[in-house]
Amino acid sequence: MALSYDEIAEILKIIDGSSCDELIVETGDIKLVVRRHGAGGAVATPQGSGASPVAAAPARAAPAAPPSGPAPPPSGPAPIAKAPHQIEVTAPMVGTFYRSPSPDAAPFVEVGSVVRKGDPLCLIEVMKLFTTIAAEHDGRIAQIGAENTELVEYGRTLFLIDPA
């Protein structure tokens, strides 16, 4: 039995909401090892392939050189200011954000678009698997928090919706 992308995503959501620091899931096809809080990286290997697991190591930043002039402007998106009544739609995973279903298609939504529960808002692509992010509430798009084809982090605000 193989694990689907959705099943792995659900496992990661459950672990994220728990105090569990390590989980090992073995099926006939794969062994999935998930560790967090500095316990190591995530490992997924086919069973019986003789392949050694490859762990994801945390990236380490090189020491920064002292600035020799005015500081460059901060990179990345400006933070989104959320009003108390607005509904925040966040990225459920790390991946590439797409505003439209294909490069030559119109975006799913624009600022000011009226959406209903279940309407597609965007796609997030992870390793050639596309996940449609749908509206969970009726409302109007107030802000879009990412640019098309931008890499987004887990929990990043993608949309603010004024409830209907």
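The values are calculated or read from the model by the stated rules, or taken from the named source; none is laboratory data. Predicted model, so just to flag it, every value in this text is computed and none were measured. Ideal geometry is used to build each Cβ from the backbone, glycine not excepted, and the neighbour counts take in all protein chains shown.
Among the candidates THR131, THR149, which residue alone is assigned to a strand (DSSP E or B) and either closer than 28 Å to ASP16 by Cα or of a type in the set (Asp, Glu) (or both)?
Of THR131, THR149, the one residue that is assigned to a strand (DSSP E or B) and either closer than 28 Å to ASP16 by Cα or of a type in the set (Asp, Glu) (or both) is THR131.
Restricting to region 7-24, give me the number of residues that are in contact with a strand residue (DSSP E or B) (Cβ under 8 Å, 6 or more places away or on another chain), at pLDDT 75 or above and either more than 21 Å from LYS128 (Cα to Cα) or charged (D, E, K, R) (or both).
So the answer is 3.
From the list MET93, MET127, pick out the single residue that is closer than 23 Å to LEU12 by Cα, surrounded by fewer than 13 Cβ atoms within 10 Å (Cβ to Cβ) and modelled with pLDDT of 85 or more.
MET127
Can you pull out the residues in region 25-53 that are exposed (fewer than 15 other Cβ atoms within 10 Å of the Cβ), closer than 16 Å to LEU3 by Cα and modelled with pLDDT under 50?
Hits for region 25-53 are PRO46, GLN47.
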